[in-house]
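Everything on this sheet refers to the single structure shown next.
Every read-out reported here was derived from the displayed coordinates using simple, explicitly stated rules and does not represent laboratory data. Note that the structure is a prediction, hence the values are computed from the model and not measured. Note that each Cβ is placed from the backbone with ideal geometry, even for glycine, and that neighbours are counted across all protein chains shown.
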């Protein structure tokens, strides 16, 4: 006798990509890279980034499988003069995520909970306490790093410059 197991649809999640700052020459390459991840052509609505002359910003809301934000962050990391953040909502089977990128700091990744709070793993907290205890750093500085404060500090100017910008929705094609 053969048992049949009904397949369950893959969980889907939603997320948002915020391109805070990109030189104009990079914009079409970013659209191509994002489209490669999402499996569909992407045409972002670029607007000037007042915080940095000659740069542009855009936002894209997306739907897809859990891990889509990680794939987008991987596709975009390492590009000079680019600043971005990408978030992904949690599902019933996965945690949420937040990725931030700046040319000077590289990628920051955090797991986020249901309400968007950053969830720091126990071992990372213990390592921060040990570093502070042996005098390598302060506990406040280490906790700030675990929460992504250096990235928030660098991106804050670019975030405010983008308030009121248009948002577009795109769904991952499977």
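Observations, loosely collected:
- Distribution of pairwise C-alpha distances over the chain, 5 Å bins, in %: 1, 8, 15, 18, 18, 14, 9, 7, 4, 2, 1, 1, 0, 0
- The sum of -39500 (n - 2.57) across all DSSP H runs of n ≥ 4, divided by the residue count of the chain, sets its helix-only mean residue ellipticity at 222 nm to -9500 deg cm²/dmol.
- Look at 83, 159 and count the other Cβ atoms within 10 Å of each Cβ; fewest to most, that gives 159, 83.
- Note on 118, 34: ascending count of other Cβ atoms within 10 Å places them as 118, 34, the fewest first.
- The relative contact order of the range 1-160, computed from alpha carbon pairs under 8 Å that lie at least 6 residues apart in sequence, is 21 percent.
- This ranking places 141, 114, 60 by how few other beta-carbon atoms lie within 10 Å of each, fewest first, which gives 114, 141, 60.
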